[in-house]
Structures are given as structure tokens and as C-alpha cells.
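Trainee: Please see the structure below; I have some questions.
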Amino acid sequence: MKLGRRKVENPATARRILAAAERHFAAQGMAGARTDEIAADAHANKAMLYYYFGNKRRLHRAVLEHLFRQLSKVVYSPPAPDAPPRDRLRAWVNGYFDFLATHPNYPRLVQREAMDATPKIEWIARDYFQPFFKHLTGLIADGVSAGEFRDVDPRQTAFTMLGAAAFYFASAPVMRTIVGHDLLAANALEARRLALLDFIEHGLFNEHPKRSDKGSPARPR
């Protein structure tokens, strides 16, 4: 059983509470969010909130754990057999973008944790961020090694990719006022996806991948 929640007897109620808590924590932070407002938003009473999650801190952890589990399902999905590095990275970018598009509160919640630097950031980093970052840098390193990507620093490239993807969603509420339209509308999201893929492909992919004498991608010496 996850630390953030107890055994659930009414999954629908627990899901509503989690969804409402996600919205309130993203907008107000854990300190500013009120459990009575979360319960009202979830069409539940506060007693049920405490029954399932114990207290506000455990509810906050349950929200984060739920999001991280959803993210893991997307970014660690197995690639197609013998997929080249380009296709594997495109699939990763599309999966991560789809997750952000369907969970737009995620960047703001994570940003709050990183900025506050509370002790709980340690378990988040250990259990989720480190494997996540290692997986992405591994994909990039594979492409460099195969000669399909430019000779880049995988870590610096991962920083750039993650920032380019997440900032759009984290800043959407403010940027909506600046640009004059909803950045989370379907057409805006698709335009952003295409622009992100175009940016990564032109900045990272070799136009003519290096090949060995046998026709396979060259490996660095």
C-alpha cells in the first residue's frame, strides 16, 4: 500500500478527492490548500478525505505518487522491436507530451516541490526523478553512440528537452493572457507538439547518420 493513502473501499470517492486535491495543490501549494475546500470540490465530506488519506500531508503525497505512476506508464513503455534511436526518442517525447497535456497540473506541482526544497523532495528524486532522468539520458546517449544524433552532452540535452516541454504547461495560465488564446486548447497543443518535435529533430538529429562499413551505425572509438 502506498504511503499516501489507505485501502480504498469507494474508489470513485477517492479518485474525486485526488483530482480535486491535485487542482488545489497546484494552484495554492500544500500550505495554502484547505481540506474543506478540497472535499467540497470533490463532492465529498472532510471526514471521507481524512478516512482515505489521513491528513493533508499524506493526501499531498498521494497526489504526487498518483501522477508519478501515470508518468511511469508512459515514459517506460517498451519500444517497438529493433526501433532505431530516432524513433525511440520520438516515442518518448510524444508520450511525455501526451502525459503533460492530460495532466497539466504536474509541472506546477513538481516546480513547487523543487523550489521549496522540502525533505520530501528526497524521496521524489530517489524514486522517480533519478530513474526518469537516467532513462532519458540513456536514450540520447544511444543515439549519439549509433551516429544518429549529434555529438551532444546527454545530460545538457535532457535539461533542454525537459524545460522546453514542461515550461509550456507550467506557464500556460500566465501565457494565456500574454498571447491571447488558450494554450491548452486542442489545436494549440498539437501546434506545440509539432514545434517541439521540430526543434528537437533539427537540434539533435544528424541529417546524414554516420554508418560503419557494414552499414550499421558507427560507434565512437
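The values are calculated or read from the model by the stated rules, or taken from the named source; none is laboratory data. Quick caveat, the model's predicted, so the values are computed rather than measured. Every residue, glycine as well, gets a Cβ built from its backbone with ideal geometry; the counts of neighbours run over all protein chains shown. Heads up: the accessible areas ignore ligands, DNA and RNA and are worked out on the full protein's heavy atoms, side chains in. Shrake-Rupley method; radii C 1.70, N 1.55, O 1.52, S 1.80 Å.
Trainee: So, in segment 54-79, of the ones that are touching a His at 6+ places or on another chain (Cβ under 9 Å) and hydrophobic (A, V, I, L, M, F, W, C), which residue ends up farthest from LEU162 (Cα to Cα)? Even if it seems obvious, please write down each step before you answer.
Mentor: Going residue by residue through segment 54-79, those that are touching a His at 6+ places or on another chain (Cβ under 9 Å) are 67, 70-71, 75-76.
With the extra rule that they be hydrophobic (A, V, I, L, M, F, W, C), the set shrinks to 67, 71, 75.
Numbers: LEU67: 17, LEU71: 14, VAL75: 13 Å.
Among those residues, the one meeting the criterion is LEU67.
Trainee: Which condition number in (1) of a type outside the set (Asp, Glu); (2) at pLDDT 90 or above; (3) surrounded by 14 or more Cβ atoms within 10 Å (Cβ to Cβ); (4) under 22 Å from ALA172 (Cβ atoms) is the one that PRO104 fails?
Mentor: Of everything listed in (1) of a type outside the set (Asp, Glu); (2) at pLDDT 90 or above; (3) surrounded by 14 or more Cβ atoms within 10 Å (Cβ to Cβ); (4) under 22 Å from ALA172 (Cβ atoms), PRO104 misses just condition (2).
Trainee: Show the residue pairs meeting these rules: Cβ distance below 7 Å; 6+ apart or different chains; first residue within segment 25-50 and under 15 Å from GLN111 (Cα atoms) and modelled with pLDDT under 95; second residue surrounded by 15 or more Cβ atoms within 10 Å (Cβ to Cβ) and polar (S, T, N, Q).
Mentor: Partner pairs satisfying both residue conditions: ALA26/ASN105.
Trainee: For segment 155-177, give me the residue count where each residue is open to solvent by 80 Å² or more (accessible area, probe 1.4 Å), modelled with pLDDT of 95 or more and of a type outside the set (Lys, Arg). Full working, then the answer.
Mentor: Going through segment 155-177, the residues open to solvent by 80 Å² or more (accessible area, probe 1.4 Å) turn out to be 155-156, 159, 167, 174, 176-177.
When the remaining residues are screened for being modelled with pLDDT of 95 or more, the result is 155-156, 159.
Okay, now just the ones that are also of a type outside the set (Lys, Arg), so 156, 159.
Summing the residues that are open to solvent by 80 Å² or more (accessible area, probe 1.4 Å), modelled with pLDDT of 95 or more and of a type outside the set (Lys, Arg) in segment 155-177 gives 2.
Trainee: Also: Working only within segment 135-153, note down all residues that are open to solvent by 20 Å² or more (accessible area, probe 1.4 Å) and within 14 Å of the chain's Cα centre (by Cα). Lay out the reasoning, then the answer.
Mentor: Applying the first criterion (open to solvent by 20 Å² or more (accessible area, probe 1.4 Å)) to segment 135-153 yields 135, 137-138, 141-142, 144-145, 150-153.
Once the filter is applied, which keeps residues that are open to solvent by 20 Å² or more (accessible area, probe 1.4 Å) and within 14 Å of the chain's Cα centre (by Cα), segment 135-153 yields only HIS135.
Trainee: State whether one or more residues within segment 82-99 are under 27 Å from ALA31 (Cβ atoms) and of a type outside the set (Asp, Glu). Walk me through it before giving the result.
Mentor: Taking segment 82-99 and keeping what is under 27 Å from ALA31 (Cβ atoms), we get 99.
In the following step, the residues that additionally are of a type outside the set (Asp, Glu) were identified as 99.
Checked against the condition, which is being under 27 Å from ALA31 (Cβ atoms) and of a type outside the set (Asp, Glu), segment 82-99 yields at least one hit.
Trainee: Among the residues of segment 42-64, write down those that are part of a helix (DSSP H, G or I), buried (at least 16 other Cβ atoms within 10 Å of the Cβ), out of contact with any Ser or Thr (no Cβ under 8 Å at 6 or more places or on another chain) and not basic (Lys, Arg).
Mentor: Scanning segment 42-64 gives TYR51, PHE53, HIS60, ALA62, VAL63, LEU64.
Trainee: Report whether or not ALA20 is buried (at least 18 other Cβ atoms within 10 Å of the Cβ), closer than 19 Å to TYR106 by Cα and more than 21 Å from the chain's Cα centre (by Cα).
Mentor: Details: buried (at least 18 other Cβ atoms within 10 Å of the Cβ): yes; closer than 19 Å to TYR106 by Cα: yes; more than 21 Å from the chain's Cα centre (by Cα): no.
Judged against the criteria, ALA20 is not a match.
Trainee: Please determine whether any residue of segment 118-126 is more than 25 Å from LEU204 (Cβ to Cβ), of a type in the set (Lys, Arg), out of contact with any helix residue (DSSP H, G or I) (no Cβ under 8 Å at 6 or more places or on another chain) and part of a helix (DSSP H, G or I). If you could, list the steps in order and put the result at the bottom.
Mentor: Our first condition is that a residue be more than 25 Å from LEU204 (Cβ to Cβ); within segment 118-126, this holds for 118-126.
This time we only want the ones that are of a type in the set (Lys, Arg), so: 120, 126.
Add one more test, that the residue is out of contact with any helix residue (DSSP H, G or I) (no Cβ under 8 Å at 6 or more places or on another chain), and what stays is 126.
Next, only the ones that are part of a helix (DSSP H, G or I) stay: 126.
Among the residues of segment 118-126, at least one is more than 25 Å from LEU204 (Cβ to Cβ), of a type in the set (Lys, Arg), out of contact with any helix residue (DSSP H, G or I) (no Cβ under 8 Å at 6 or more places or on another chain) and part of a helix (DSSP H, G or I), which makes the answer yes.
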